[in-house]
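Chemist: Have a look at the structure that comes next, please.
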Amino acid sequence: MDIKRISHNATAYIYDDLDDYITSVFFIECETKIFIIDTFCGTKRMEPILERINESSIEKQVVIINTHSHWDHFWGNCSFKKNDIISHELCRELINQSWDEQIREHGKYILGKAEKHLPNITFKERIIFHNEGIEVFHSPGHTKDSISVFDQEEKILYVGDNLEKPIIHVEDSDIGSYVKTLQNYLNYKPSKIVASHTLYLTEADIEDTIDYLNNLLAKKEMNFQSQHMEKIHRQNLKICNKF
Ligand SMILES: [Zn+2]
């Protein structure tokens with residue numbers, strides 16, 4: 001695990017334990033609150049983060065945010081039983097429904113324990129922590145329940161799995177909403193864009209992803225630089241054609 005500071009108040013805990021990609025958990029420290037975006041896979045992986053919280057000289061309220069209902073984003077939730085955990089209302093429902101199945105399919109990646117611990121605060125559109133300037137908003141795309149976080153002071157946009165390089169994973173067939181979400185990201189005029197599996201992205205990456213989605217929708221022939229990209233693209237096509 002690697003720890004990288006991404007701004008004066010935010011740090012990425014970067015885990016390289018999955019097969020094809022890195023996964024980051026983000027730690028945003030404000031004056032009286034700490035926001036943690038996603039909890040990765042199991043209690044052991046959350047230990048360095050808990051240590052950091054416990055080392056803090058002032059007791060701060062810890063708020064966990066689950067960006068969506070995929071296993072690599074919430075299997076550390078049970079390390080934060082005393083804290084509030086925020087997600088989209090659909091995300092809570094999907095974690096609950098798919099818990100056993102996701103454990104069956106990907107449980108080998110858990111380090112420590114992963115007990116079922118659901119978000120306790122849910123929303124439909126957005127939640128704003130006005131004193132901290134942290135906006136959490138619904139941003140359907142990669143999945144229907146995906147949410148993003150905007151740090152209004154630092155102008156950092158945390159996009160979960162909605163952006164990823166070299167290629168995004170489309171897990172929901174509503175491409176129109178995905179494109180709208182990405183266009184809306186540009187309105188925020190972020191100074192930094194960070195994603196769970198790709199640390200830094202640019203506005204050009206957002207534009208490229210919009211182009212990719214439009215081509216996907218139009219079933220246009222596309223060329224890719226690697227077999228990995230080809231493979232993910234074929235999976236994306238399948239999701240698009242499902243409905
Ligand atoms: Zn995902």
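The values are calculated or read from the model by the stated rules, or taken from the named source; none is laboratory data. Not measured: the values here are computed from a predicted model. So basically every Cβ, Gly included, is an ideal-geometry build from the backbone, and we count neighbours across all protein chains shown. In case anyone asks, the SASA skips ligands and DNA or RNA and just uses the protein heavy atoms, side chains included. Shrake-Rupley method; radii C 1.70, N 1.55, O 1.52, S 1.80 Å.
Chemist: For region 2-241, max minus min Cα coordinate along each principal axis, in Å, sorted largest first?
Modeler: Computed over the Cα atoms, the extents are 56, 40, 33 Å.
Chemist: Still on this model: To check you understand DSSP bridge types, tell me what percent of the beta bridges within the chain (both residues inside) are antiparallel, rounded to 5.
Modeler: For the chain, the DSSP antiparallel bridge percentage is about 65.
Chemist: Given contacts defined as C-alpha pairs under 8 Å and at least six residues apart, what's the relative contact order of the chain, whole-number percent?
Modeler: 14 percent
Chemist: Name the lysines eligible as straight-distance cross-link partners of Lys165: C-alpha to C-alpha under 17 Å, and not fewer than 8 places from it in the same chain.
Modeler: Within the straight-line cut-off, Lys165 pairs with Lys192, Lys231.
Chemist: For every other residue with a beta carbon closer than 12 angstrom to the beta carbon of Glu132, add +1 if it is Lys or Arg and -1 if Asp or Glu, then tell me the sum.
Modeler: -4
Chemist: Here's another thing I want to ask about it. When only DSSP loop residues count, what GluC sites (Glu not before Pro) in region 204-243 have their Cβ near at most 11 other Cβ atoms within 10 Å?
Modeler: Hits after loop and neighbour filter: Glu221.
Chemist: Also: Where Lys and Arg each count +1 and Asp and Glu each count -1, what net charge lies around Ala204 among other residues with Cβ under 13 Å from its Cβ?
Modeler: -4
Chemist: Right, something else. By a straight-distance test (C-alpha under 18 Å), which lysines pair with Lys44 as possible cross-link partners, with residues fewer than eight away in the same chain excluded?
Modeler: Within the straight-line cut-off, Lys44 pairs with Lys81, Lys82, Lys108, Lys113, Lys116.
Chemist: On the full set of protein chains, 1.4 Å probe, figure out the accessible area of His106 and give it in Å² to the nearest 10.
Modeler: Ignoring ligands and nucleic acids, His106 comes out at about 50 Å².
Chemist: Relative to the longest principal axis of the C-alpha atoms of the chain, give the angle of the C-alpha long axis of helix 203-217, reported between 0 and 90° and rounded to the nearest 10°.
Modeler: Relative to the chain, helix 203-217 is tipped by roughly 50 degrees.
Chemist: Which log10 I(q)/I(0) values does region 123-203 give at q = 0.17, 0.22 Å⁻¹ under the Debye formula, counting every alpha carbon as one identical point scatterer?
Modeler: Log-scaled intensity ratios, in q order: -0.63, -1.04.
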